[in-house]
1. In the stretch 413-449, what residues are of a type outside the set (Gly, Ala, Ser), under 23 Å from residue 482 (Cα atoms) and in contact (Cβ under 8 Å) with a residue 24 or more places away in the chain?
2. Whether any residue in the stretch 299-312 is closer than 29 Å to residue 254 by Cα, under 35 Å from the mean Cα position of the chain (by Cα) and free of Cβ contacts under 8 Å to residues at least 24 places away in the same chain is what I want to check.
3. In this structure, does residue 342 turn out to be free of Cβ contacts under 8 Å to residues at least 60 places away in the same chain, aliphatic (A, V, I, L, M) and closer than 18 Å to residue 210 by Cα?
4. Could you pull out the residue among 466, 522 that is basic (Lys, Arg) and either in contact with an Asp or Glu (Cβ under 6 Å, 6 or more places away or on another chain) or over 25 Å from residue 571 (Cβ atoms) (or both)?
5. If a residue has to be part of a loop (DSSP other than H, G, I, E, B) and more than 34 Å from the chain's Cα centre (by Cα) to count, how many in the stretch 313-343 make the cut?
6. Which one is nearest to residue 197 (Cα to Cα), of the residues in the stretch 629-658 that are part of a loop (DSSP other than H, G, I, E, B) and in contact with a Ser or Thr (Cβ under 6 Å, 6 or more places away or on another chain)?
7. Out of the stretch 593-612, which residues are in a loop (DSSP other than H, G, I, E, B) and either at pLDDT 90 or above or among the charged types (D, E, K, R) (or both)?
8. Residues 362, 460: which one is surrounded by 17 or more Cβ atoms within 10 Å (Cβ to Cβ), aliphatic (A, V, I, L, M) and either within 21 Å of residue 217 (Cα to Cα) or under 36 Å from the mean Cα position of the chain (by Cα) (or both)?
Amino acid sequence: MLNAMALHATSRDAAEPAPPPPTVTPRTRTAGEDLYLEVILNGTSTSRLIHFVRHGEALCASTSDLRSLGFVALSGDDEQCLGDMKGVHYSYDVALQRVSVDASIDRLSLPRQVLNRNERTSIPATSSTGILLNYDIYASSGEGQGNISALAEARAFTSQYGVLSNTSLTRRYETNNDGWKSDSVRLDTQWRLALPDRAQALTIGDTFTGYLSWTRPTRIGGIAFGTDFALQPYRVTTPLPQFFGEATAPSAVELYVDGIKQYNGKVPAGPFQLTAVPGMDTAGQAQVVLTDALGRSSTVTFPIYSARQLLGAGVNDWSVELGAVREDYGITSFKYGHEPIVSATWRRGITNQFTFESHAEAGDGRGTAGAGAVWTPGGASVVNSSVSMAYGGGMQFGAGYTWTGKFMNLSLDTLRSRGNYRDVASGYGSAPPRVSDRALIGFNVRRASFGANLVRLRYANQPMTRYAGLFVFGNIGRGTSINLSINQNLDKSSDRSIFVGFTMALDTQRTLSFSAQRDRDRTSFIADASQPIPGDGGFGWHVQGRSGANGGGLGEVGWLGNNGQATLGASTMGAGSYSYADINGSVVFLGGHVFAARRVDDAFAVVTTDGVPDVPVQLENRRTGVTDSHGTLLVTRLNAYQDNRIAIDPLDLPADSRVQRVEAIVAPADRSGVVVRFPISQVRAASVVLVDEAGVDLPLGSRVDTGDGKPGIVGYDGLAYLDTLKGSTELRVTRTDGRTCTATLIYPEQAHDLPQLGPLTCREVRP
């Protein structure tokens, strides 16, 4: 049609030119043949029609149209002919009304294609209304003394009002002189409201002040508000290495990081941007391989490094806290400082290589304010520095350097204070150290790693403490490894500890280890065998034998199930011995049901199948249990704010069951639960054989109407599946030739699963 219109428009006998296609802007007629052609640029369709004028064998277009395709460095003429443009070749396909243009990259300015995007949006977080109680009960007995303690966490959550939680510890213990005594202490109480869309959270109650690597956090009771990037788990806040390149033709692009393929895709002609994701704080090598349609490939290798201490350009991380310092935590329940304190912390990525840091705090007659920076000058190195001033005099400054390579890593940092430098925490504990120096160097060679470290620490009015250490770890193979470490007090030659360990895997579950330790003038040997409790549930055990002054042994067994975890054990140490037991788990009230479950520290879900029992449930394609007699199952170990795939297996359901969906993607809020419903209903279904009055099967494709608006289709041998049947159902069948017939179906009272009924005679409806 486009070809016919173009020919008609250029006919010399036409009184007026024909109108152009409706998808383009009408043009003023010019001398030559007007064409509206699809443009293929460097092998990639532009999905656009461009007005060309054909002068003999030459194709010409307006400068503005060529600029809209991406051409640059064009003269100011109104019309440019493709054949006159340097570095441009073209071919005109008359049959397809298409022109293929090949142009050198320097003649084009194309939009950059962004590949391998690492960020993605998660589904909105949801939460139902419920209550949860985590408990951990521990009891021990030995040497005439007994002890029972219970750690409890009570948690209430809703979709609009966040999470209210309280933790407490209750003890009952036996003493030699006073017999049994009891006490109880409240640990933390807080209400937390998360704002995932803004990556911010508000906390009221017991919390911590914000801190940086060169400041100290303080436990307070009050209000805290600030960013929390955990609310957006798919957001990348640190700068990632990026490769910028250009493809002269549509090509396949592959990205390898340390020999492992990370990305495989296609890119059109033009510039592109490809993001590489190295291991955490590890230098590596990346390779980008471009292969065009002719099989020609080119490879570019470049080093990459990513530092988690840095923020991406323009990213802010901040927090503000106001409250009173919590005192005697774990001893008393409600002891707080009398003076209010305020704290503020702010970090910002100025560029991808430079992050600014600041912190200020004040209260109870003390206060500090300071600034710092984290900078990567290039390669796998990171430099940090900070300076902070105290109210009333005193200063703290720090500096550090980190270099992380594939075979070696080095870390140096120092933090020193001068004068009367005191932060808020100094009023409730020790002052910051006068000197804190650390140095670490490590090497990775094949299956072994080794290194050395040095620590210098001095507090006000105390002597300097200096320790040096050496460590070696080697993987011999087949699950066998050795470990050696030496720590030496540089100011006291007798203060030395040496540890040598050997570990061997007996199979995929059990391990055996031997170790020897020399601590000053004491030497001990330990033999240990264990089978850890599987994370999906089951039994585990642990036995240990020790020699030396505190020689003895230990033996314990444990079991983890859907309702909780239990551990029993006994231990001897020297002349003393004791036995112990531990039970932990949770009780959940959600969705109108009560569940006994294993301990729930993160998010969870209640799966309901509308009362259908024994339905298998999967979490991330792994079976996690079956629904109970009420058609419910509590599924733990979900990740808050992340996409969690929960599914049911319908293969074990009766044939007369109707399932509306078999999987759901849910993102529960922090420490909250959500109800996931899989509606399953029982229907009256049957396979019905339909024949006409002559006993011949009704034609394939005939339509069966049961009166409920959900027709069935006749298949081979006159067989139709119907699942909305009543005790007596009138069937109206429309044949493929347009004729109709009716039949009456009586559903048997004692039918099981999916009965086959018929043949039923369908009598033709005559006008």
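The values are calculated or read from the model by the stated rules, or taken from the named source; none is laboratory data. Every value quoted in this text rests on a predicted model; they were computed, and no experiment measured them. No Cβ is skipped: glycine too gets one built from the backbone with ideal geometry, and neighbour counts run over all protein chains shown.
1. Listed by number, the residues that qualify are 440, 441, 443, 444, 445, 447.
2. Checking the stretch 299-312: at least one residue is closer than 29 Å to residue 254 by Cα, under 35 Å from the mean Cα position of the chain (by Cα) and free of Cβ contacts under 8 Å to residues at least 24 places away in the same chain.
3. yes
4. None of the other options fit; the residue is 466.
5. Looking only at that region, the number is 11.
6. Among them, the one singled out is 643.
7. Within the stretch 593-612, 598, 599, 600, 601, 602, 609, 610 meet the criteria.
8. The unique qualifying residue is 362.
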